[in-house]
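The values are calculated or read from the model by the stated rules, or taken from the named source; none is laboratory data. Since the structure is predicted, the reported quantities are computational estimates derived from the model, not experimental observations. Here the Cβ positions follow ideal geometry from the backbone for every residue, glycine too, while neighbour counts run over all protein chains shown.
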Amino acid sequence: MSRDLLQEIADVMRAEWNIAIAGSRPIRRGYMNEKWMLQTNAGPLFVKSYHPERYRKHQETVWREIGQALRLQAAFRQAGGACPALLEAGGQRLLHRTASGRMFVVMTGCPGRMVPAGKAPPEQMRSLGAAAAFMHAVWNDRNLAAAAEERPAQPLWTVDLPGLMKQWEQRQEEAVGAPAATLQALQLQRSIIGRLDPGEWADECPGWTHLDLWADNLLFEADKLTAIVDFDRVRYSHPMLDLGRAVLSLTLDRGAFRREAAAALAEGYRQIRPLAKGRLLHAVRHAWVVESFWWIRPGMDRFSTAPHRFAREMLWTAGQWDELEHVLGNI
């Protein structure tokens, strides 16, 4: 299927842009979607094909949402942001369709390498902080038509404590017979959710947010961020979630937060956009509240590499919840 699919994509690329593929290398990362790095007569290009089974439950909204996310990526790139350039066709269309109906995108390749989870040095975190702030500023601090389009009334992932508790109770029922480690993780999650202060989330400032700012979606050369990639999940949410996810992914090493690296992220962010003291800790806790329900659940003992890392981040953070003020506070 992959060879036939790539041939279909090649046919569209030839028809739309007169681009010929000289070589291809599959990228086996992510869930279900097929990806390739291509060598072409237009230079190196990246292609992602969206597997229909991944989006089967969201057919009514997914293409509109991904289309909106891609338009925001294009706006970030046009403003000078560090991300791939998308290839347009037929009046600024960024999502393309093969003859068999498969949706895909084509974008420029970017230089740089991924940094192992938990290992980003302060200089890279500072560069990432500035890039994330610029991205948020382009999307939220300017009169950007792409950002104003279809902005929902309520932001995604606002903290709803009664709703979270109901969700936890359902998850607990599903965990009957689960391994002891899973049950212990659920109890740890419950102990934190049960004592959260609803007022802590009252002053959250909503805005367009990447929502997937983790190690695999960031490229660096030496001390500098060269690209943020994978914008498919951009939604109107809470921009601080991007900072919380970056801290969890890039500074949490073998159970310990690296304060100097986390502080460098905040320093870089403040070069472009305001960030009050203490907000970074708030961002990490907000990210944990949202994401812990994705990763602390029955079956977590069978997770593959990336989900296993995410689950460990949730458990490591929960295990030192009361000490986070000393570790990440006042940054």
Query raised in the report: Failed condition for TRP168, given (1) more than 30 Å from ALA131 (Cα to Cα); (2) out of contact with any Lys or Arg (no Cβ under 7 Å at 6 or more places or on another chain), with all others met?
Result: (2)
Requested in this report: Determine which member of the set ALA132, ALA137, ALA153 is more than 14 Å from VAL234 (Cβ to Cβ), of a type in the set (A, V, I, L, M, F, W, C) and part of a helix (DSSP H, G or I).
Outcome: ALA137
Query raised in the report: When the stretch 19-67 is examined, which residues are found to be within 12 Å of LEU6 (Cβ to Cβ) and of a type in the set (Gly, Ala, Ser)?
Result: GLY23, SER24, SER49
Report task. Scan the stretch 123-159 for residues that are modelled with pLDDT under 95, among the acidic types (Asp, Glu) and in contact with a helix residue (DSSP H, G or I) (Cβ under 9 Å, 6 or more places away or on another chain) and jot them down. Result -> GLU149, GLU150
Query raised in the report: Has the stretch 14-26 got at least one residue that is closer than 27 Å to HIS308 by Cα and in contact (Cβ under 8 Å) with a residue 60 or more places away in the chain?
Result: no
Query raised in the report: Would you call ARG259 surrounded by fewer than 23 Cβ atoms within 10 Å (Cβ to Cβ), within 25 Å of ASP197 (Cα to Cα) and at pLDDT 95 or above?
Result: yes
Query raised in the report: In the set LEU252, LEU265, LEU315, LEU280, which member is surrounded by fewer than 23 Cβ atoms within 10 Å (Cβ to Cβ) and under 24 Å from MET135 (Cβ atoms)?
Result: LEU252
**Report entry** Filter result (touching an Asp or Glu at 6+ places or on another chain (Cβ under 9 Å) and either over 20 Å from THR317 (Cα atoms) or among the hydrophobic types (A, V, I, L, M, F, W, C) (or both)) within the stretch 168-200
**Finding:** ALA178, PRO179, ALA181
Report summary line: Taking the stretch 60-100 and keeping residues among the β-branched types (Val, Ile, Thr), surrounded by fewer than 18 Cβ atoms within 10 Å (Cβ to Cβ) and in a loop (DSSP other than H, G, I, E, B) leaves THR61
